[in-house]
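For reference, the structure is listed below as structure tokens.
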Amino acid sequence: MPDKVVTRFAPSPTGFLHIGGARTALFNWLYAKHTGGIMLLRIEDTDRERSTDAATAAILDGLSWLGLTWDGEPVSQFERAPRHREVAEELVRMGKAYYSYETPAELEAMREAARAKGLPPRYNGQWRDRAPSEAPAGVKGAIRIKAPTEGETVVHDRVQGEVRFPNKDLDDFIILRSDGNPTYMHAVVVDDHDMGVTHIIRGDDHLTNAARQTVIYRAMGWDVPSMSHIPLIHGADGAKLSKRHGALGVEAYRAMGYLPEALLNYLARLGWSHGDDEIMSIKDMISWFDIGDVNKGAARFDFAKLEALNGVHMRRMSDAELFDIFIATLPYLEGGPAMATRLDDRNKAQLLAALPGLKERAKTLVELVDGAAFLFATRPLPIDDKAALLLNDDARKILRGAHDALNAVSGDWTAAAAEAAIRDYAQAGGHKLGAVAQPLRAALTGKSTSPGVFDVLAVLGREESLARIADQID
Ligand code: GLU
């Protein structure tokens, strides 16, 4: 057992960091943190057609937003191509790999012939034992690994258990193409070995690759790292995750107003659990996580659960902490940029004061934007449909009286002072408290729901409150 755990996250930069990739990164990160090890980052940009710098930037941004830090500089797989070539050639020298010289058309004919005989379309190994002197002149060959033909290759997987692959099903696959470029299968092995990776944690769609990669490790005489293939995420209905189910880039989750900590908590519990603990801080996850405890079965992604969990994390957070995250995230949130441009010291202070009431009613930061909109509204306020229903003629009469009662408050303008004035007024006029509070809320916020109306009065201040009420009675 090596003394230090080294994990790695190895995304292909062909798109955003999607939610499944974020979970893979999280499990690598948690395992590294839990064991006092490190997590490396390798950008698998060997496919030049599909890899983009924009995707790499989006992946780094997504990981940073989630707080999934990596150790050292990200490694570019493409830049390591000379080393991949070197190892492939070394395998040839060692007699563990060989050059093959078929044209694409010949390979296709070989596959056709196998299919016609009802066999799987595999390479027939025709160059495996031929002398290099027989090589056709002027043709650059592709290097193929000499895969074992008998027995089985066993992957000792900490999640999937012992998975056995009959060697007759593995053919002599290509490790270096005739153009000198490594295949993905080969590059991953060389990189993981050279980077000192001790634990591979990735999606179970790579399980069969693990068998082929094991063949390369053995051929080089290298130790096979510990393997953990984690189940993919499915939608709430059990089908493969699609956009509709939440197969979005993590930046979409940021825009929807989820907290990194809540999203990580949710992702960690997709396929892993710790007793009945549902709410976990990052510290909890680090101290409790073990890769061997991850389930084999597919995990189901459920937006409603994520949302509920996010609400819990928001309420658990101190107001100051939530305020900082809210302000930092505002430019990314749906409806946030407009609010961000209007932030000044005054409404920042109002926001902080209103936060205890606002966060009781919000499950996401977007709902917080919505709830806080009244602080940023300019008079006369737009009144939404539900609020308009609360401002009928009778209600406006009551509102007029409420205005006068509030106008008469002589001491400090506080929630308690406003409440006392309104209660006295309601009692004297024989109104139920709700009959006064409802139209007040509508006039002050333009909405039918808001934090407690006395808190709203206090946060808005005397002058603005009275002016907003007056707007609705004249
Ligand atoms: N680049 C691969 C992917 O994005 C991961 C390969 C690996 O983890 O070995 O799926």
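No lab work stands behind these numbers, since they all come straight from the coordinates. For clarity, every value in this text was computed on a predicted model and none was experimentally measured. Heads up, the Cβs are rebuilt from the backbone with ideal geometry, glycines too, and the neighbour counts pull from every protein chain shown.
This model, with +1 at the C-beta of Lys and Arg and -1 at the C-beta of Asp and Glu, gives the chain a dipole about its Cα centre of some 680 debye. Note on the chain: dipole from Cβ charges, positive end direction compared against G36, S450, P225; the farthest Cα belongs to P225. Computed from backbone phi with θ = phi - 60° and the Karplus coefficients 6.51, -1.76 and 1.60, the 3J(HN,Hα) list for region 381-386 is 5, x, 10, 6, 4, 5 Hz; x is used for glycine and proline. Note on K168: lysines with a C-alpha under 20 Å away, same-chain residues under 8 apart excluded, are K96, K117, K146. Temperature 25 °C, viscosity 0.890 mPa s: under these conditions the Stokes-Einstein estimate for the chain, based on its Kirkwood radius over C-alpha pairs, is 92 µm² per second. Note that region 446-461 has calculated 3J(HN,Hα) couplings of x, 10, 8, 10, 5, x, x, 5, 6, 5, 4, 4, 5, 5, 6, x Hz, one per residue in order, obtained from phi through the Karplus relation 6.51 cos²θ - 1.76 cosθ + 1.60 (θ = phi - 60°); glycine and proline are x. In order along region 365-375, the Karplus-derived 3J(HN,Hα) couplings, from 6.51 cos²θ - 1.76 cosθ + 1.60 at θ = phi - 60°, round to 5, 5, 5, 5, 4, 4, x, 8, 4, 4, 5 Hz, and Gly and Pro are given as x. Sorting the segments 113-126, 370-383 by their mean number of nearby beta carbons within 10 angstrom, highest to lowest, gives 370-383, 113-126.
Were the residues from D237 through T52 laid out at 0.36 nm apart, the gain over their Cα-Cα distance would be 63.3 nm. Axis of helix 53-66 versus longest Cα principal axis of the chain: the two differ by about 60°, to the nearest ten degrees. Amide H contacts of E152 (H built 1.01 Å from N, in plane; Pro and chain starts excluded): N167 sit under 5 Å, all sequence-distant by 5 or more or on other chains.
Calculated mean residue ellipticity at 222 nm for the chain: -15000 deg cm²/dmol, from DSSP H runs with n ≥ 4 weighted as -39500 (n - 2.57), summed, divided by the residue count and rounded to 500.
Sorting the segments 333-343, 55-65 by their residues' average number of neighbouring beta-carbon atoms within 10 angstrom, most packed first, yields 55-65, 333-343.
Straightening the chain between D319 and A467 buys 50.4 nm, computed as 0.36 nm per residue apart minus the Cα-Cα spacing.
May I ask which residue of N167, L119, A135 lies farthest towards the positive end of the charge dipole of the chain, with charges of +1 (Lys, Arg) and -1 (Asp, Glu) on Cβ and the Cα centre as origin? Of the candidates, L119 comes out farthest on the positive side. In this structure the amide hydrogen of L41, modeled in the peptide plane, comes within under 5 Å of the amide hydrogens of F9, D71, V75, none closer than 5 places in sequence on its chain. Residue exposure proxy: V6, V409, ordered by other Cβ atoms within 10 angstrom of their Cβ from fewest to most, comes out as V409, V6. Peptides 264-272, 162-170, 25-33 ranked from most to least packed by the mean count of surrounding Cβ atoms within 10 Å: 25-33, 264-272, 162-170. The DSSP beta bridges internal to the chain are antiparallel in roughly 50% of cases. Tilt of helix 462-473 relative to the longest C-alpha principal axis of the chain, in degrees (0 to 90, nearest 10)? Between helix and principal axis, roughly 80 degrees.
Normalised by the number of residues in the chain, the mean separation of alpha-carbon contacts (under 8 Å, six or more apart) gives a relative contact order of 12 percent.
Projected onto planes of every orientation and averaged, the convex hull of the alpha-carbon atoms in region 1-137 covers 12.8 nm². Mark the label point 7 Å from the Cα of R122 along Cα→Cβ and return the residues of region 161-191 whose backbone N is within less than 18 Å of it. Those under the cut-off are 164-175. Placing dummy labels 7 Å off each Cα toward the beta-carbon, the span from E106 to I279 is 6.8 nm.
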